[in-house]
Amino acid sequence: MVKFLKNFKELTNKDTATAGGKGASLGEMTNVKIPVPPGFVVLVSAFNKFMQETDAICEENVEEQSEIMRDIILTKEFPKDLAKEILKDFDKLGSKYVAVRSSATAEDSKLDAWAGQLDSFLYVDKKGLLKAVQKCWASLYTPRALFYRVERNIQHKQVSVAVVVQKMVNSDVSGVCFTVHPVTKDKKQMIIEACWGLGEALVQGTITPDSYVIEKSTLNIVDINIGNQEKMIVKSKLEIEEKPVPVKMREKQKLTEKQIIELSKICINIEKHYGDPRDIEWALEGKKLFIVQSRPITTL
């Protein structure tokens, strides 16, 4: 019997072909006790089922037909049995909101880092979940994704997409960690960047984050630079929006030294597990740290 969904606990790094790079990595980390928010993956088999049942198969001249493909994927009715299965697993998460992220099968390898090429959606509720899944599928055929395939010479590879559905972390602070210093290439040091609110502000490059340099062998914090952050991206009652950071918080250090060390330990463990330098996305909600993604650093 073909499975269309798998919980993170059922996935490992060996499942990239069915769960995509992001889904497989989240499953791998979950199974080695990294603090990953719970979730499940809508597997490539579900995408294939949808494409077959809606006759949205297109193997030639994909570039020319990309807009047609996206329209078909977004407008066709979701298979009822698949929809029922996805919504049932959503209910099991016990969360009002989830993050819905594309997970390409050629993603997050050392050669093909698809970061940012396919769509992701935050604070998705049950009502909007199926449409968000369809939008992730459709993003495989955007001009941006198609150009990326050509640019990286993977246009002839079989590339498909799974979708990660993960309990939403309502971030007070979020950021990234590079387990090798990305500027100096020093493997003995790591750097953590932190900002108020959601990490999208950091990804978009619209703010200057805090940066903390840590000596990996001793966990000694060798450098702290505090970014004066005037704006942050947060969830309001109606939508995700950019808001001013309260004046008293603008020059305040985002993570305490204790939190920096705690996060450093988690990230070092991730690097040790994978055996290569990592680019890690993290979030802090209240006093709890979560890891929401880990991929190899492809620029060293």
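The values are calculated or read from the model by the stated rules, or taken from the named source; none is laboratory data. Just so it is clear, the structure is predicted and the values come from calculations on it, not from any experiment. When we count neighbours, we look across all protein chains shown, and the Cβ atoms used for this are built from the backbone with ideal geometry, even at glycine.
The rows are residues; the columns are (1) over 18 Å from residue 269 (Cα atoms); (2) more than 18 Å from the chain's Cα centre (by Cα).
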position: 164; (1), (2): yes, no
position: 168; (1), (2): yes, no
position: 172; (1), (2): yes, no
position: 183; (1), (2): yes, yes
position: 192; (1), (2): no, no
position: 198; (1), (2): yes, no
position: 203; (1), (2): yes, no
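What's the total number of residues in the range 243-264 that are assigned to a loop (DSSP other than H, G, I, E, B) and polar (S, T, N, Q)?
Residues meeting the conditions: 2.
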remark   = Filtering the range 183-200 down to residues that are surrounded by 14 or more Cβ atoms within 10 Å (Cβ to Cβ) and farther than 19 Å from residue 286 by Cα yields 186, 189, 190, 191
message = For the range 246-291, give me each residue that is modelled with pLDDT of 95 or more and β-branched (Val, Ile, Thr).
response = 256, 260, 261, 266, 268, 270, 280, 291
remark   = Only unsatisfied item for residue 225, checking (1) closer than 27 Å to residue 167 by Cβ; (2) in contact with an Asp or Glu (Cβ under 9 Å, 6 or more places away or on another chain), is (1)
ask   = For residue 234, which of the numbered conditions (1) within 28 Å of residue 25 (Cα to Cα); (2) in contact (Cβ under 8 Å) with a residue 12 or more places away in the chain; (3) part of a loop (DSSP other than H, G, I, E, B) fails to hold?
value = (3)
task = State whether one or more residues within the range 185-201 are touching a strand residue (DSSP E or B) at 6+ places or on another chain (Cβ under 9 Å), aromatic (Phe, Trp, Tyr), over 30 Å from residue 12 (Cα atoms) and not in a loop (DSSP other than H, G, I, E, B).
result = yes
task = Sort out which residues of the range 1-32 are buried (at least 24 other Cβ atoms within 10 Å of the Cβ), out of contact with any strand residue (DSSP E or B) (no Cβ under 7 Å at 6 or more places or on another chain) and aliphatic (A, V, I, L, M), and write them in order of number.
result = 24
task = Could you figure out which of (1) aliphatic (A, V, I, L, M); (2) touching a residue at least 12 places away in the same chain (Cβ under 8 Å); (3) under 24 Å from residue 274 (Cα atoms) isn't true of residue 226?
result = (3)
key: Count of the range 261-300 residues which are more than 19 Å from the chain's Cα centre (by Cα) and surrounded by 20 or more Cβ atoms within 10 Å (Cβ to Cβ)   = 1
message = Here's a check for you: in the range 206-220, which residue that is under 27 Å from the mean Cα position of the chain (by Cα) and assigned to a strand (DSSP E or B) is farthest from residue 251 (Cα to Cα)?
response = 215
request  = Give just the number: which of (1) at pLDDT below 90; (2) polar (S, T, N, Q); (3) within 22 Å of residue 291 (Cβ to Cβ) does residue 211 not satisfy?
outcome  = (1)
note = Flagged in the range 1-44 as closer than 21 Å to residue 281 by Cα and among the polar types (S, T, N, Q), in numbering order, are 7, 12, 13, 16, 25, 30, 31
key: Pairs with Cβ under 8 Å, 6+ apart, first in the range 246-259 and free of Cβ contacts under 8 Å to residues at least 24 places away in the same chain, second in a loop (DSSP other than H, G, I, E, B)   = 250/228; 250/229; 250/230
